[in-house]
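As structure tokens, the structure follows; a few thoughts come after it.
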Amino acid sequence: MLQLIGYVLFLLLFAYLAFGVLYLLTFSIAGALRKKKTFPFVIEKKTIAVVIATYKEDNIIVDTASRAASHNYPREKFEVFIVADSLKPETTELLRSIAVQVIPVQFQRSTKARSLNVALNTIDHKKFEIVVILDADNIMKENCLEIINAAFHKGAEAVQCHRTAKNQHTPVAVLDAISEEINNHLFRMGPAAMNLSATLIGSGMAFRFHEIKSIFNLEHILSNPGEDREIDIQLMLNNTKVVYADDAIVLDEKVSSSAVFEKQRVRWLEAQVNHFKRFLHADLRHAKKDSNYWMKFLQTLLLPRSLYILSFAFLLCLILVERIFDLDFLYPSIAWWTSLMSLFVLTLLLAVPRQFYNLRTGRAILHLPVLIFRMVKALLRIKSNRTEFLHTPKSYSS
């Protein structure tokens, strides 16, 4: 009887892990076969509001704001707005001395959504057609706004830029940079190849002004620390497809220590739990069940990649125990498990950009057990009812 229970449990585990691996492998192959979509520049320029929400990031926001204000897009066609939450007075004065608009805010419970809500209701919507949302550590590379402009001229209604690492100065930052690119491949390039909507990241995003303003005027988004997930849902309900613009590069600071990694992953895990629960609400129960709906819903059932790695490492140990001691407790057979592990490895190999196949990555991988341990700790710390923003400090501006 115990053996039968064990077989059933292993079979359920295999089925769950197989679902995740096959889901990821499908988009990994699609992303690898995809032809990159380009957006030739157009003469006519849409007006763009670049909105940067910042919370206690005094050490980097002035540099970010200065670079955004000097971006190579016609100056009369865009404006930079800094939503300043809990900045020092001297930082605010420095911001006012450069060519940006400062919108000071203060909340009892700060969230990025509350900051963006104030900004979008403060900015004159008649002046701007597009809103670009950045984080305080984001730097737009040359022609980013030009590509966004071209995408909207070509019919895009929402754009996710290619967010990539601006720092790889520690092993943790290297691993986080690789993780970002894997996510770009699996959740943006892969869906784009299958004519589906790209998944939003949380920054480096562009929207039609009226649509994003209406989303941030929804009451329930204001206390949601994972506001990008709710934007994704509302765009889906509006039948608005998110286009992925590979060449619109936005540099993003990667976490450089395992402690900050853990804190950030707590926030991400909580957002995923809340995102899954969101699909049980009435407005989504009656949503159109098309391919975009099922893609986004099934994403909520996936494990973080580090937990897939931990699961397969544990199963590999069980396989060794079974072989060494001539036991028979795994189900299905070892061949099935090793095949599943191999498919997971193939998924990652296809998704990791070629430039990361180097010695520095090899050294960084040695730190992977530490990050997996931190991820397990993060899993134990999640609170699905958290309403405040779990802030992770940013400091890299080189």
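Worth pointing out:
- Of Asp232, Asp124, the sequence from fewest to most neighbouring Cβ atoms within 10 angstrom is Asp124, Asp232.
- Whether the range 192-311 is rounded, prolate or oblate, judged on the alpha carbon gyration tensor where a/c under 1.5 counts as rounded: rounded
- Residue-count net charge about His71 - beta-carbon cut-off 10 Å; Lys, Arg +1, Asp, Glu -1: +1
- For the range 37-271, the dipole from Cβ point charges (+1 on Lys and Arg, -1 on Asp and Glu) about the Cα centre works out to 300 debye, to the nearest 20.
- Residue-wise HN-Hα couplings along the range 333-344, as the Karplus relation 6.51 cos²θ - 1.76 cosθ + 1.60 with θ = phi - 60° gives them from phi, are 5, 4, 4, 5, 5, 5, 5, 5, 4, 5, 5, 5 Hz; Gly and Pro carry x.
- Taking amide hydrogens as placed 1.01 Å from N in the peptide plane, the amide H of Val83 sits under 5 Å from those of Ile52, Ala53, Thr54, Ile103, each at least 5 positions away in sequence or on another chain.
- Using the Cβ of Glu142 as centre and a radius below 13 Å, the other residues enclosed give a net charge of 0, where K and R count +1 and D and E count -1.
- Tensor-based shape of the range 37-271 (alpha-carbon gyration tensor, a/c under 1.5 rounded, otherwise prolate or oblate): rounded
- Counted charge near Phe297, where neighbours are those whose Cβ lies closer than 14 Å (Asp, Glu -1; Lys, Arg +1): +4
- Most mobile of Leu251, Leu330, Leu116 in a GNM of the chain (Cα contacts under 10 Å): Leu330
- For the chain, the Kirkwood hydrodynamic radius from C-alpha pairs, put into Stokes-Einstein at 20 °C and a viscosity of 1.002 mPa s, yields a diffusion coefficient of 96 µm² per second.
- What the phi angles of the range 118-132 give under the Karplus curve with 6.51, -1.76 and 1.60, with θ = phi - 60°, is a coupling list of 4, 4, 5, 8, 9, 5, 6, 5, 6, 8, 10, 9, 10, 10, 10 Hz, glycine and proline written as x.
- Farthest towards the positive end of the charge dipole of the chain, among the residues Leu343, Leu379, Ser179, is the Cα of Leu343, using unit charges on the Cβ of Lys, Arg, Asp and Glu.
- In range of the label at Lys288: residues from the range 166-207 whose backbone nitrogen is under 15 Å from the point 7 Å along Cα→Cβ: 196-197
- Estimated dipole of the chain in Debye, rounded to 20 [Cβ of Lys and Arg +1, of Asp and Glu -1, Cα centre]: 260
- Nonlocal amide H pairs with Lys37, under 5 Å, H built at 1.01 Å: Asp246
- Of Pro74, Tyr7, Met236, farthest towards positive along the dipole that unit charges on Lys, Arg, Asp, Glu beta carbons give the chain: Tyr7
- Annotation: amide H of Ala158 within the under-5 Å range of Val243, sequence separation 5 or more or interchain, hydrogens built in the peptide plane.
- Using θ = phi - 60° in the Karplus curve 6.51 cos²θ - 1.76 cosθ + 1.60, the 3J(HN,Hα) couplings for the range 173-181 round to 5, 5, 5, 5, 5, 5, 4, 4, 5 Hz; x is entered for Gly and Pro.
- Rounded to 5, the percent of DSSP beta bridges in the range 37-271 classed as antiparallel: 25
- Value at 222 nm in deg cm²/dmol, rounded to 500, when DSSP H runs of n ≥ 4 in the chain each add -39,500 (n - 2.57): -16000 deg cm²/dmol
Read the figures in this text as sums done on the coordinates, not as results from a lab. Given the structure is predicted, the values throughout are model-derived calculations rather than measurements. For neighbour counting, all protein chains shown are included, and Cβ atoms are generated from backbone atoms with ideal geometry for every residue, glycine included.
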